[in-house]
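The values are calculated or read from the model by the stated rules, or taken from the named source; none is laboratory data. Keep in mind the model is a prediction, meaning the values are calculated, not measured. Virtual Cβ from ideal backbone geometry, glycine too; neighbours counted across all protein chains shown.
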Amino acid sequence: MIETRYLKDNIQNIQKLMSIPALKNFETRYLGKLLKLSKIREYEDGEKIIKEGDRDPWLYFLLAGSVRVSKEDVEITRLSNIGELFGEMRIIDSLKRSATVTAVGRTTCIAVNTMAGEKLEGDGADHDERLDFLLLLYRIFAEYMSIRLRATNEELIKTKQDLQRIREEKMNVIIRRHIEGSQQ
């Protein structure tokens, strides 16, 4: 992994963040706060970004490339859209990482250190500003979690329908064999 220092609150970096769909509703002052908590990280193909079971404080926005999300070596999904968010579950529930995220090809992310609150404390922000910033960040989490939950529900329904179809086919085979056996 190649990593930058914490990013600076400047116009060029804020404009880059504004191009990320998940961050389009952020005011520029909040994007500046996000920058102070963020680093750019580049990963090579096959490099682990998040390891299942770890407890690191990083949240990621995909800038380039794609990632494979897996649990117990079973692929759950791949993310390849610019601005996609990952690593948020650990931040919300404070439990161990629930999955491994691996770079597919050269991959670049914005990594946000969610434990670097002192960087927000020292920037002259009052308590209400910090609270507004955190609420906006959690709204982004909620939107992504909702999208993923809907996709998971669709996949679960399809899997249950496939399982029901397989059971019916198996039952038909058993009945057919029983009928054929009794006719002999």
TODO: Output yes when any residue across the range 18-38 is out of contact with any Ser or Thr (no Cβ under 6 Å at 6 or more places or on another chain), surrounded by 20 or more Cβ atoms within 10 Å (Cβ to Cβ), at pLDDT 85 or above and part of a strand (DSSP E or B), and no when none is.
DONE: yes
Open item on the list: Pull out all pairs, ordered by first then second residue, where Cβ-Cβ is under 7 Å, the residues are six or more apart or on different chains, the first lies in the range 47-66 and is at positive phi and hydrophobic (A, V, I, L, M, F, W, C), and the second is surrounded by 16 or more Cβ atoms within 10 Å (Cβ to Cβ) and at pLDDT below 95.
Closed with: none
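Each row is one residue, and each column tells you yes or no for (1) among the β-branched types (Val, Ile, Thr); (2) closer than 20 Å to LEU137 by Cα.
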residue: LEU7; (1), (2): no, yes
residue: ASN13; (1), (2): no, yes
residue: LEU37; (1), (2): no, yes
residue: GLY46; (1), (2): no, no
residue: ILE49; (1), (2): yes, no
residue: GLU52; (1), (2): no, no
residue: TYR60; (1), (2): no, yes
- [ ] Name the residue, out of PHE133, PHE141, that is out of contact with any strand residue (DSSP E or B) (no Cβ under 8 Å at 6 or more places or on another chain), on the phi < 0 side of the Ramachandran plot and of a type in the set (Phe, Trp, Tyr).
- [x] PHE133
Open item on the list: Suppose we keep only residues that are of a type in the set (A, V, I, L, M) and loosely packed, with under 12 Cβ neighbours inside 10 Å within the range 128-141. Which one would you say is modelled with the highest pLDDT?
Closed with: LEU135
Task: Selection from the range 151-177 of residues that are under 30 Å from ILE20 (Cβ atoms) and either at pLDDT below 90 or among the aromatic types (Phe, Trp, Tyr) (or both) - done: ALA151, THR152
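Is the range 54-65 home to any residue that is under 23 Å from ARG150 (Cα atoms), in a strand (DSSP E or B), hydrophobic (A, V, I, L, M, F, W, C) and touching a Cys at 6+ places or on another chain (Cβ under 7 Å)?
yes
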Task: Exclusive hit being of a type outside the set (A, V, I, L, M) and in contact with a strand residue (DSSP E or B) (Cβ under 7 Å, 6 or more places away or on another chain), set ARG78, ARG90 - done: ARG78
